[in-house]
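Engineer: Would you mind keeping the following structure in view while I ask a few things?
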Amino acid sequence: MRCASDRSLNVTVITLMVEHFKRLVRYRGLLWNLAVSELKSKHRQTALGMLWALLQPVSLMVVYAVVFSVFVNVPIRQGVPYALFAYVGLVTWLFFATSFSTGTTSVVSQMNLITKASFPREVIPLSKLIASGFDFLIGWGCFLLLLAVYGMPFKPMWFLFPWILCVHVLFTAGLVLWGAALYVLKRDVGSVMPLLLQVWMFLSPVIYPSSLIPEKYQSLYLINPMATIIESYRSATLGVPAPSVAAMGTASIIAIVAFASGYAYFKHVEVRFADIM
Amino acid sequence: MPSKLEIDHAENMIVFEQVSKCYMQQTKTLLESWRRLGLWNAQGDQAQESGFWALRELSFSVKRGETLGIIGDNGAGKSTILKLMAGITVPTHGRVDVKGRISSLIELGAGFNPDLTGHENIYLNGAVQGLSRAEIDGCVARIEEFSGLGSFLNVPVKYYSSGMYARLGFAIAAHVKADVIITDEILAVGDAAFQRQCLRKFKDLQAASTIIFVSHDLTRVREVCSRVLWVRQGRLHCEGDPEKVVEAYLLAVQQERDRNLRTEVVLDQEAAESRRGTGEIEIVEVATCNETGEPRMAFRSDDVLVVRISYRLRKPCHDAGFGVNIMSHDGVFVHGTNTFISGMVLNMTRESGIIELRYPSLPVVPGTYWLTVGVTSDNNWSVPYDLRERVRKIEVLGTRRDGGVVCLEHQWSRPVEC
């Protein structure tokens with residue numbers, strides 16, 4: 001008896017999620033349109049236009065490369081230039097951090113649209129993800145050029161790339177949905193965000209290798225999915241040793257849980273958005 | 001527009017079933033939350049009480065092909081009804097069912113991105129309405145033509161005037177194919193020419209879709225709607241034939257003003273009044289009443305108006321007479337009469353009394369009118385006993401939109417072509 005009702009509950013939750021997803025698919029045009037609009041309005045009236053997508057990670061790379069390979073000597077694996085090493089970390093981190101911070105405030109800043117029209121609300125934060133995805137793509141395109149410049153060969157771990165990309169995007173999307181929903185309910189999230197991202201960045205191997213972390217803290221350190229994700233990207237592209245299968249499995253599970261819970265929570269509170277604003 | 005019979009058999013496009021909507025008060029800080037938690041424990045469920053009930057147990061349905069008008073004062077719940085229909089918000093209790101594709105135009109151009117051009121915003125706005133790129137491609141040419149913006153379509157909309165903004169908003173709204181179209185003050189945009197163009201388009205839309213029409217322009221409501229709901233303090237006050245509901249609403253608005261008038265607005269009237277006279281006879285009070293003698297301020301053209309004048313005498317008087325003039329709001333002398341003209345001889349000996357003047361109907365165009373009441377001897381109005389100019393104000397309500405002051409009976413013939 002108990003079991004049957006539990007199952008029917010699960011079935012309704014699943015059909016509900018499927019309905020939500022179908023509706024999202026129907027509004028894919030809006031998702032794309034909002035992302036493109038964001039890009040257009042971001043680059044309109046700038047002198048350099050789309051070039052900024054390139055300049056941002058490259059200039060950061062130059063700064064970090066100078067600071068950490070000239071002033072401070074960060075020990076990284078032989079044969080990998082620090083600039084490339086940091087570049088992978090920065091491109092990966094920037095996609096996550098930009099999506100997370102712009103996505104979180106996105107629903108509130110589109111309040112006019114929310115209170116005047118009806119559409120699946122998640123397209124707003126997810127469009128920010130797509131918008132920073134453009135920069136991410138350009139970042140990787142530039143990476144290929146840098147590889148050629150440094151005369152690095154294409155390393156054999158490329159097969160890791162699609163998988164780690166999925167984990168990266170799912171995890172980011174999950175956090176963006178959580179952030180956006182919570183920010184509507186409590187604006188405190190907006191004040192916490194910059195601090196959180198700052199601390200998180202230093203806890204992730206963006207500008208230093210995770211091998212700097214003492215052995216006994218390694219497993220704890222790799223609970224942070226961003227650590228595993230960044231290191232995995234590095235091994236996929238530069239051939240540094242990959243994180244353990246356990247770490248990669250943990251990151252995958254955390255990413256899936258973050259996305260599923262974020263989406264469910266967002267849809268749960270979504271109906272109240274128009275009232276709260 | 002479908003005939004009445006067709007409407008009766010048509011399916012319901014929108015059904016509201018016992019719908020209530022409560023807007024909750026948001027707790028802002030942890031401190032406030034704590035305080036509320038304390039209250040909550042002490043006095044039971046307070047959460048519901050701190051909310052604002054925008055709608056209460058509202059039930060109605062809209063059939064395919066209808067144009068439903070919704071009227072009511074500000075804050076009566078009209079916007080909440082629209083938001084519930086559009087799916088922007090959900091009811092606290094009850095059920096809202098809407099069939100087919102809805103196009104909600106609660107505000108024209110609400111989703112425009114100021115940095116994008118008019119052309120780009122057509123695509124963005126279409127996507128907000130749930131249209132695919134191919135669907136928008138299919139109607140973009142008509143939208144651009146209707147908007148009449150020409151080369152301005154390639155300019156970011158932040159440089160648009162408010163009229164251009166509204167033009168583009170309406171053009172998109174009107175060309176998105178939808179089963180139900182929800183509109184709020186949609187016909188009040190742009191210049192006169194564009195408004196005419198909008199109205200023509202609106203009438204085309206009426207033939208194809210079910211339309212919800214919210215407006216404060218009651219004349220327009222009467223003109224375009226097939227049925228009207230009157231919402232009052234979150235409840236359905238009455239519904240039905242546009243003429244009747246709008247009329248009843250207007251009357252209620254005036255009565256509400258009447259009630260306020262007795263207390264506050266009297267001052268305003270006294271400020272407008274000018275009074276002179278020698279004082280042998282004094283006009284103590286002037287009241288405007290309906291047929292049954294209840295004081296009123298609003299009258300319809302076919303209502304009876306009774307002007308009741310209370311007076312007081314200093315000494316007995318045998319040659320006195322009363323007069324009443326009616327002026328329009330902008331000072332046009334509409335009508336004047338007095339007891340001398342009627343050939344009456346008034347023998348007044350008691351200290352005080354009342355005299356009434358009865359108008360069986362008020363065949364004037366709707367508007368505000370002022371009454372001047374006086375008393376004098378021998379029809380000598382240059383030295384009156386008491387003359388109270390603009391002593392009372394009345395509103396004449398009605399559906400006629402004739403110009404001028406007086407409603408002369410008239411009838412047009414059909415054109416005879418030769």
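The values are calculated or read from the model by the stated rules, or taken from the named source; none is laboratory data. This structure is a prediction, so every number in the text was calculated from the model and none was measured. Quick reminder, even Gly has a Cβ in these numbers, built from the backbone with ideal geometry, and neighbours come from all protein chains shown. These accessible areas exclude ligands, DNA and RNA; they are computed on the full protein's heavy atoms, side chains included. Shrake-Rupley method; radii C 1.70, N 1.55, O 1.52, S 1.80 Å.
Engineer: Can you compute the charge dipole magnitude of chain B about its Cα centre, using +1 on each Lys and Arg Cβ and -1 on each Asp and Glu Cβ, nothing else charged? Give it in debye, rounded to the nearest 20. Write out the running numbers ahead of the final one.
Structural biologist: Values: 48 positive and 53 negative charges, 103 e Å.
Roughly 500 debye for chain B.
Engineer: Taking the Cα centroid of region A:245-277 and of region A:24-99, what is the distance between the two, rounded to the nearest whole Å?
Structural biologist: Distance between centres, Cα-based: 25 Å.
Engineer: Taking the Cα centre of the protein assembly as shown as origin and charging only Cβ (+1 Lys, Arg; -1 Asp, Glu), how large is the dipole, in debye to the nearest 20?
Structural biologist: Working: 68 positive and 63 negative charges, 421 e Å.
It comes to approximately 2020 debye.
Engineer: Sticking with this structure for a sec: At 37 °C and a viscosity of 0.692 mPa s, what translational diffusion coefficient does Stokes-Einstein give for region B:4-250, taking Rh as the Kirkwood radius over Cα pairs? Give it in µm²/s as a whole number.
Structural biologist: Details: Rh = 19.7 Å.
Roughly 167 µm²/s, to the nearest whole number.
Engineer: Calculate the spin-label point distance for A:His43 paired with B:Ala193, positioning each point 7 Å from the Cα along the beta-carbon direction, and give it in nanometres.
Structural biologist: 3.9
Engineer: Could you estimate the translational diffusion coefficient of region B:262-418 from the Stokes-Einstein equation, with Rh from the Kirkwood formula over C-alpha pairs, at 25 °C and 0.890 mPa s, in whole µm²/s?
Structural biologist: The estimated diffusion coefficient comes to 145 µm²/s.
Engineer: I would also like to ask the following. Which sequence of B:Asp330, B:Asp217 reflects their accessible areas, 1.4 Å probe, from the largest down? Please report the intermediate quantities before stating the final value.
Structural biologist: On the way: B:Asp330 130, B:Asp217 65 Å².
My answer, sorted largest first, is B:Asp330, B:Asp217.
Engineer: Given Cβ point charges of +1 (Lys, Arg) and -1 (Asp, Glu) and nothing else, what value in debye, to the nearest 20, does the dipole of region B:4-250 about its Cα centre take?
Structural biologist: So the magnitude is around 200 debye.
Engineer: So what is the relative contact order of region B:4-250, in percent, for Cα pairs below 8 Å that sit 6 or more residues apart?
Structural biologist: Numbers: 427 pairs, mean separation 65.3, N = 247.
Rounded, it is 26 percent for region B:4-250.
Engineer: In addition: Between B:Ser352 and A:Cys166, with labels modelled 7 Å along Cα→Cβ, what's the label distance in nm to one decimal, could you check?
Structural biologist: 9.5
Engineer: Enumerate the aspartates and glutamates that B:Lys315 could reach by cross-link, defined here as Cα to Cα under 15 Å, with residues fewer than 8 away along the same chain left out.
Structural biologist: B:Glu280, B:Glu282, B:Glu351, B:Asp386
Engineer: When only C-alpha pairs under 8 Å and at least 6 residues apart count, what is the relative contact order of chain A, in percent? Provide the component values of the computation, followed by the final result.
Structural biologist: Values: 297 pairs, mean separation 68.5, N = 277.
It rounds to 25 percent for chain A.
Engineer: Hey, another quick one. Restricting to region B:4-250, compute how many DSSP beta bridges are antiparallel as a %, nearest 5. Could the numbers behind the result be given before it?
Structural biologist: Working: 19 of 36 bridges.
Antiparallel bridges: around 55 percent, rounded to the nearest 5.
Engineer: Same structure again: When the solvent-accessible surface of protein heavy atoms is calculated with a 1.4 angstrom probe, in what order do A:Lys216, B:Lys21, B:Lys63 fall, highest first? Please list the in-between numbers first.
Structural biologist: Values: A:Lys216 160, B:Lys21 5, B:Lys63 55 Å².
Largest accessible area first, the list is A:Lys216, B:Lys63, B:Lys21.
Engineer: For region B:153-222, I need the span (max minus min coordinate) of the C-alpha atoms along each principal axis, in Å, sorted largest to smallest.
Structural biologist: Largest first, region B:153-222 extends 36, 26, 18 Å along its Cα principal axes.
Engineer: Still on this structure, I have one more. Compute for the protein assembly as shown: radius of gyration divided by Kirkwood radius, i.e. Rg/Rh, restricted to C-alpha atoms, rounded to two decimals. Write out the running numbers ahead of the final one.
Structural biologist: Working: Rg = 36.4 Å, Rh = 31.5 Å.
Radius of gyration relative to Kirkwood radius: 1.15.
Engineer: What are the trypsin sites (Lys or Arg not before Pro) within region A:25-57 that DSSP puts in a loop, where the Cβ has at most 12 other Cβ atoms within 10 Å? Numbers along the way, then the final one.
Structural biologist: Working: sites: A:Arg26, A:Arg28, A:Lys40, A:Lys42, A:Arg44; in loops: A:Arg44.
Answer in residue order: A:Arg44.
Engineer: Got the relative contact order for chain B handy, in percent, Cα pairs under 8 Å and 6 or more residues apart? Can you show the working numbers first?
Structural biologist: Details: 799 pairs, mean separation 58.3, N = 418.
Reported as a whole number, the value is 14 percent.
Engineer: In addition: Relative to the longest principal Cα axis of chain B, at what angle does helix B:162-175 sit, 0 to 90 degrees, rounded to 10?
Structural biologist: 60
Engineer: Let me ask something else about it. Dividing the Cα radius of gyration by the Kirkwood radius, what Rg/Rh value follows for region A:2-276? Could you put the intermediate results ahead of the total?
Structural biologist: Values: Rg = 20.1 Å, Rh = 20.1 Å.
The Rg/Rh ratio comes out at 1.00.
Engineer: Nearest 0.05, what FRET efficiency do A:Val66 and B:Ser161 give at R0 = 35 Å with Cβ-Cβ as r?
Structural biologist: Values: r = 51 Å, r/R0 = 1.46.
Calculated transfer efficiency: 0.10.
Engineer: If the cut-off is a Cα-Cα distance under 16 Å, which lysines reach A:Lys42, setting aside same-chain residues fewer than 8 apart in sequence?
Structural biologist: The reachable lysines, counting only those whose Cα sits under 16 Å from A:Lys42, are A:Lys128, B:Lys158.
Engineer: Rounded to the nearest 0.05, what FRET efficiency is calculated for A:Leu144 and B:Asp179 with R0 set to 60 Å and r the Cβ-Cβ distance? Walk me through the numbers on the way to the answer.
Structural biologist: Values: r = 50 Å, r/R0 = 0.84.
Computed FRET efficiency for A:Leu144 and B:Asp179: 0.75.
Engineer: Ok, one more. Compare the Cα positions of B:Tyr23, B:Met297, B:Thr349 along the charge dipole of chain B (+1 at Cβ of Lys, Arg; -1 at Cβ of Asp, Glu; about the Cα centre) and return the one farthest towards the positive end.
Structural biologist: B:Tyr23
Engineer: Which residue fluctuates most in the GNM of chain B (Cα springs below 10 Å): B:Glu144, B:Glu351, B:Glu389?
Structural biologist: Judging by the Gaussian network model, the answer is B:Glu351.
Engineer: What lysines does A:Lys186 reach when the alpha-carbon gap must be under 17 Å and sequence neighbours fewer than 8 apart in one chain are set aside?
Structural biologist: A:Lys267, B:Lys28
Engineer: How much accessible area does B:Ser209 have with a 1.4 Å probe, in Å² rounded to the nearest 10?
Structural biologist: Probe radius 1.4 Å; accessible area of B:Ser209 about 10 Å².
Engineer: List the accessible area buried at the contact between B and A, summed over both sides and calculated with a 1.4 Å probe, in Å² to the nearest 100.
Structural biologist: Values: alone 22690 and 14470 Å², together 34920 Å².
That pair of chains buries around 2200 Å² in total.
Engineer: A further question on this structure: For helix A:160-185, what angle does its Cα long axis make with the longest principal axis of chain A, in degrees from 0 to 90 and rounded to 10?
Structural biologist: The angle comes out at about 50 degrees.
Engineer: Taking the Cβ-Cβ separation of B:Glu243 and B:Val334 as r and a Förster radius of 30 Å, what is the calculated FRET efficiency to the nearest 0.05?
Structural biologist: Numbers: r = 26 Å, r/R0 = 0.85.
With R0 = 30 Å, the Cβ-Cβ based efficiency is 0.70.
Engineer: Could I ask something else about it? Of the accessible area of the protein assembly as shown, with the probe set at 1.4 angstrom, what percent is carbon plus sulfur?
Structural biologist: Roughly 59 percent of what the probe reaches on the protein assembly as shown is carbon or sulfur.
Engineer: Still on this structure, please answer the following. Express the Stokes-Einstein translational diffusion coefficient of region A:217-269 in µm² s⁻¹, to the nearest whole number, given a Kirkwood radius over alpha-carbon pairs, 4 °C and a viscosity of 1.567 mPa s.
Structural biologist: Values: Rh = 12.0 Å.
The calculation lands on 108 µm²/s.
Engineer: A further question on this structure: Modelled label-to-label distance, B:Glu145 and B:Glu107, 7 Å Cα→beta-carbon offset: nm?
Structural biologist: The answer from the label model is 3.2 nm.
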